Amino acid sequence: MSYLLTEDQQLIQKNARDFAKQYLEPMAVQLDKTGEFPAEVVKKLASHDFLGWFLPAEFGGAEVGYVSYALGVEELSRASAAVASIVVNHSSAAYAINRWGTAEQKKKYLPALAKGEKLGAVAMSEPGPSVGQGPEAVIATQQDGGYVLNGCKCYVANAGVADLYVVFGCTDPAAGAKSLTAFLVSAKAAGLEVGAKKSTMGLRARPTADVVFRNVAAEVLGTVNAGTPIAAELLAALAVAEAAQTVGVVGFAVEHAAKYAQQRVQFGRPISAFQAIQTILAEVSTNCYVARLAVYDAAALIEQGKPFTTEAAMVKLFAQRLGINSLVETLQIEGGYGYSEEMFMAKLFRDVSGTTILESPLEFPEQVIAASIA
Amino acid sequence: MPKILVCYKWVLDEQDIRINPNDLSLDVSRAKGKISDFDRNAIEEAVLLVERLGGTVDALTYGTPAAKQSLKDVLSRGPNKVYWIQDPAAEKADAHVIATVLAGAIRRIGSYDLIICGEGSSDSYNQQMASRLAATLDLPAVTFTSQITSDNGTLKFTRKLDDCTEVATVSGPAVVSVLGEINHPRIPGLKQVLGASKKPSEEIKLADLGLSPQELTPRAIRKSVKGFVMSRKNVIFKDGDAAHKVAQLVASLAKEGLS
């Protein structure tokens with residue numbers, strides 16, 4: 001894969017891997033057990049510019065581009081998909097402001113996000129059946145020259161640790177998605193309440209909670225009633241980053257399983273000599289390699305400012321199938337050893353589903369892809 | 001404010017090297033390069049010194065054309081400039097040739113207050129470079145340094161020896177080798193990686209160093225390099241009761257020299 005990467009990208013990839021090895025690997029299993037938010041690690045991420053990847057240098061970002069960002073996310077995910085997920089969801093909020101914010105909003109919010117002085121989150125999902133529907137739908141009402149939000153967003157990643165939320169709400173419930181608008185909301189805003197941290201199957205060190213809005217002041221991000229295309233692009237960019245996470249988790253899992261297979265001896269031979277094991281390793285490695293190429297191709301489209309939502313959906317679709325299936329297979333290789341909660345494989349198994357099902361339902365990619373070609 | 005030069009080596013990452021089980025030969029076809037581990041400590045120590053005392057850090061390497069990949073990596077770690085000499089024959093160069101070439105380059109570049117090397121390289125680990133450089137340049141050598149401190153402008157070097165530690169000071173320029181424990185090299189951030197592109201690198205042509213063919217001929221010839229594979233004994237103690245089996249195991253281990 002190196003031939004696609006520039007010298008800088010290869011160096012960034014290597015440094016991210018070294019960072020993950022040094023700071024994340026030693027604590028990954030423990031973080032998974034306790035679910036504790038890794039505040040010190042987040043500070044270290046910030047000091048290595050890992051919270052302002054693609055943000056412009058004028059706002060304190062590293063401005064390395066989306067490919068480098070995806071490379072970094074993959075490497076961090078090898079050690080801790082939970083920590084990588086904190087970075088991804090923070091970066092998603094930063095992406096939204098950088099992409100659709102006014103000059104004043106960028107100047108006001110991006111420097112602190114780039115340096116990791118403040119963390120971001122994106123609040124999109126709701127308990128209701130569709131946009132603007134249900135008693136808890138987030139509705140935006142004009143008030144005092146601005147807007148206030150009422151409603152509830154569920155399963156918000158980085159909820160409770162974020163300082164700034166990108167929130168989607170409807171200005172006219174009857175109009176549904178046509179009135180969807182993106183807003184920026186301070187975590188300190190009066191009336192904003194973060195629910196109890198949810199106990200998730202995986203990605204445990206990344207806080208997830210519901211966020212309730214009661215007359216919470218919000219400023220428009222982008223244009224009023226233009227939130228649907230914003231949400232679509234944001235989800236697509238997020239899908240590429242999450243696919244990079246999946247590739248990181250699967251890549252690490254197959255290497256871990258391969259090493260185990262070389263050491264585990266049965267019937268006088270390492271199990272890596274058995275065809276059944278070789279078949280699993282070959283298929284998982286091949287799928288991971290192909291997924292990686294697709295992720296970086298889609299990331300390159302984002303970096304070059306080209307349309308990418310179809311490619312992002314394809315990458316998401318492939319990663320969804322790759323992720324869970326690969327971990328079932330690699331766990332099979334490690335057997336009882338891998339099934340133990342003290343070992344990495346159990347954590348990887350639970351984490352990988354978090355990288356594939358969150359932020360968009362499984363059906364989303366097929367719809368987008370089919371709509372683009374038929 | 002010291003002017004420091006760090007000498008480093010671009011080596012193959014041993015994690016990527018595979019051993020052919022049939023003949024124990026090494027397959028390096030997929031091995032990526034890296035800055036030798038202890039040289040990373042040397043670079044870090046130089047940069048830390050300059051952060052504390054002011055001054056500048058340059059880097060210097062002699063290697064095959066693949067060493068070009070090291071330039072941005074080195075610059076991202078703090079040095080202001082990197083010099084490099086490329087030579088396909090560097091692959092087979094011994095410590096004598098490497099020291100001769102580096103010394104020749106140093107004479108050409110200019111004088112430094114401190115020349116820092118790692119204790120030994122990750123590949124051959126000869127632990128000779130600092131001493132050879134010092135002898136060739138007629139400078140004092142301070143080897144196996146585990147700490148460098150400054151006291152009223154005088155640098156103090158703590159050397160970790162087999163049975164004691166020694167503190168040395170040097171007046172005038174010196175060549176120093178550092179141990180891995182001297183520091184924890186920081187991982188460069190994204191901005192440092194990008195900033196490396198803006199720093200200068202200069203290739204010094206081997207031909208311009210005025211070295212004779214004899215000076216460039218290795219005195220130590222590496223005939224072959226084989227891997228080492230730990231093989232299982234595959235011994236099963238199954239006769240007798242548990243106590244008997246344990247006794248057999250202990251005896252077997254003692255026979256192997258483990259007690």
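The values are calculated or read from the model by the stated rules, or taken from the named source; none is laboratory data. Being a predicted model, the structure only gives us computed values, none of them experimental. Backbone-built Cβ (ideal geometry, glycine too); neighbour counts: all protein chains shown.
Can you run down the residue pairs with Cβ atoms below 9 Å, 6 or more apart or on separate chains, where the first is in the range B:120-137 and without any contact (Cβ under 8 Å) to a residue 12 or more places away in the chain and the partner is not aliphatic (A, V, I, L, M)?
B:TYR125/B:PHE38; B:TYR125/B:GLU119
Taking into account only those residues within the range B:170-200 that are of a type in the set (S, T, N, Q) and surrounded by 16 or more Cβ atoms within 10 Å (Cβ to Cβ), which is nearest to the other protein chains (Cβ to nearest Cβ)?
First, pick out the residues of the range B:170-200 that are of a type in the set (S, T, N, Q): B:171, B:177, B:183, B:192, B:197.
Now drop any that are not surrounded by 16 or more Cβ atoms within 10 Å (Cβ to Cβ), which leaves B:177, B:183, B:192.
Working: B:SER177: 24, B:ASN183: 14, B:GLN192: 8 Å.
The extreme case among them is B:GLN192.
I need a count of the residues in the range B:19-39 that are without any contact (Cβ under 8 Å) to a residue 60 or more places away in the chain and in contact with a strand residue (DSSP E or B) (Cβ under 6 Å, 6 or more places away or on another chain).
Of the residues in that region, 5 qualify.
Could you list, ordered by first residue, the pairs with Cβ atoms under 8 Å in which the first is in the range B:81-108 and more than 13 Å from B:TRP10 (Cβ to Cβ) and the second is of a type in the set (Asp, Glu) and not in a strand (DSSP E or B), at least 6 apart or interchain?
Going by the 8 Å Cβ cut-off, the qualifying pairs are B:VAL97/B:GLU215; B:THR100/B:GLU215; B:VAL101/B:ASP87; B:ARG108/B:ASP208.
Between A:GLY35, A:GLY65, A:GLY60, which is at positive phi and at pLDDT 95 or above?
Of the residues listed, the single one that is at positive phi and at pLDDT 95 or above is A:GLY60.
Quick one: which of B:ASP87, B:ASP73 is of a type in the set (D, E, K, R), crowded, with 22+ Cβ neighbours inside 10 Å and out of contact with any Asp or Glu (no Cβ under 8 Å at 6 or more places or on another chain)?
On the way: B:ASP87 fails: crowded, with 22+ Cβ neighbours inside 10 Å.
None of the others qualify; the one that does is B:ASP73.
Do you know which of the residues in the range A:133-178 that are assigned to a strand (DSSP E or B) and at positive phi is modelled with the lowest pLDDT?
A:TYR155
Could you list, in sequence order, the residues of the range B:5-37 that are of a type in the set (Val, Ile, Thr) and under 27 Å from B:ASP113 (Cα atoms)? Talk me through it step by step, then tell me what you get.
Taking the range B:5-37 as the starting set, the residues that turn out to be of a type in the set (Val, Ile, Thr) are B:6, B:11, B:17, B:19, B:28, B:35.
Hits for the range B:5-37 are B:VAL6, B:VAL11, B:ILE35.
Got a sec? Which of A:VAL148, A:VAL138 is surrounded by 24 or more Cβ atoms within 10 Å (Cβ to Cβ), closer than 12 Å to A:PHE183 by Cβ and of a type in the set (Val, Ile, Thr)? Spell out how you get there, then give the answer.
Values: A:VAL148 fails: surrounded by 24 or more Cβ atoms within 10 Å (Cβ to Cβ).
So the residue among A:VAL148, A:VAL138 that is surrounded by 24 or more Cβ atoms within 10 Å (Cβ to Cβ), closer than 12 Å to A:PHE183 by Cβ and of a type in the set (Val, Ile, Thr) is A:VAL138.
Just checking, does the range A:334-341 include any residue being within 28 Å of B:SER231 (Cα to Cα), in contact with a Phe, Trp or Tyr (Cβ under 6 Å, 6 or more places away or on another chain) and in a helix (DSSP H, G or I)?
So in the range A:334-341, the residues within 28 Å of B:SER231 (Cα to Cα) come out as A:334-340.
Subset that is in contact with a Phe, Trp or Tyr (Cβ under 6 Å, 6 or more places away or on another chain): A:334.
If we keep only those that are in a helix (DSSP H, G or I) as well, we get A:334.
Yes; the residues of the range A:334-341 include at least one that is within 28 Å of B:SER231 (Cα to Cα), in contact with a Phe, Trp or Tyr (Cβ under 6 Å, 6 or more places away or on another chain) and in a helix (DSSP H, G or I).
If we scan the range B:210-219, do we find a residue that is more than 14 Å from every other protein chain (Cβ to nearest Cβ), part of a helix (DSSP H, G or I) and either touching a residue at least 24 places away in the same chain (Cβ under 8 Å) or farther than 23 Å from B:PRO79 by Cα (or both)? Explain how you work it out, then say what you get.
Residues of the range B:210-219 that are more than 14 Å from every other protein chain (Cβ to nearest Cβ), as a first pass: B:210-219.
Those left that are additionally part of a helix (DSSP H, G or I): none.
Within the range B:210-219, not a single residue is more than 14 Å from every other protein chain (Cβ to nearest Cβ), part of a helix (DSSP H, G or I) and either touching a residue at least 24 places away in the same chain (Cβ under 8 Å) or farther than 23 Å from B:PRO79 by Cα (or both).
Scan the range A:278-293 and tell me whether some residue there is touching a Ser or Thr at 6+ places or on another chain (Cβ under 9 Å), more than 18 Å from A:ALA79 (Cα to Cα) and within 14 Å of chain B (Cβ to nearest Cβ). Explain how you work it out, then say what you get.
Here is the first cut: in the range A:278-293, the residues touching a Ser or Thr at 6+ places or on another chain (Cβ under 9 Å) are A:278, A:280-281, A:283-284, A:287-288, A:291.
Next cut, more than 18 Å from A:ALA79 (Cα to Cα) only: A:278, A:280-281, A:283-284, A:287, A:291.
Next, from what is left, pick out any that are within 14 Å of chain B (Cβ to nearest Cβ): none.
Scanning the range A:278-293, I find no residue that is touching a Ser or Thr at 6+ places or on another chain (Cβ under 9 Å), more than 18 Å from A:ALA79 (Cα to Cα) and within 14 Å of chain B (Cβ to nearest Cβ), so the answer is no.
So which residues in the range A:72-82 are of a type in the set (A, V, I, L, M) and either within 16 Å of A:GLY116 (Cβ to Cβ) or within 11 Å of chain B (Cβ to nearest Cβ) (or both), if there are any at all?
To start, the set of residues in the range A:72-82 that are of a type in the set (A, V, I, L, M) comprises A:73, A:76, A:79, A:81-82.
Within the range A:72-82, A:VAL73, A:LEU76 qualify.
Check off (1) in contact with a Ser or Thr (Cβ under 6 Å, 6 or more places away or on another chain); (2) assigned to a loop (DSSP other than H, G, I, E, B) for A:ALA196 and give me the number that stays unchecked.
Going through (1) in contact with a Ser or Thr (Cβ under 6 Å, 6 or more places away or on another chain); (2) assigned to a loop (DSSP other than H, G, I, E, B) one by one, A:ALA196 breaks only (1).
Are any residues in the range A:25-54 surrounded by 15 or more Cβ atoms within 10 Å (Cβ to Cβ) and under 23 Å from A:ALA209 (Cβ atoms), and if so, which ones?
A:MET27, A:ALA28, A:LEU31, A:ASP32, A:GLY35, A:PHE37, A:PRO38, A:VAL41, A:VAL42, A:LEU45, A:ALA46, A:LEU51
Determine which single condition B:ALA242 fails, assuming it passes every other condition in (1) closer than 30 Å to B:ILE106 by Cα; (2) out of contact with any Gly (no Cβ under 7 Å at 6 or more places or on another chain).
Every listed condition holds for B:ALA242 apart from (1).
Somewhere in the range B:233-256, is a residue assigned to a loop (DSSP other than H, G, I, E, B) and in contact with a strand residue (DSSP E or B) (Cβ under 8 Å, 6 or more places away or on another chain)?
Keep residues of the range B:233-256 that are assigned to a loop (DSSP other than H, G, I, E, B), which gives B:233-241, B:256.
Then drop every residue that is not in contact with a strand residue (DSSP E or B) (Cβ under 8 Å, 6 or more places away or on another chain), which leaves none.
No, the range B:233-256 has no match at all.
Starting from the range B:228-253, keep only residues that are away from every other protein chain (no Cβ under 14 Å), then list their pairs with residues that are of a type in the set (Asp, Glu) whose Cβ atoms are within a distance under 8 Å, requiring at least 6 positions of separation or different chains.
That search, which allows pairs on different chains as well, returns B:LYS245/B:ASP239; B:GLN248/B:ASP239.
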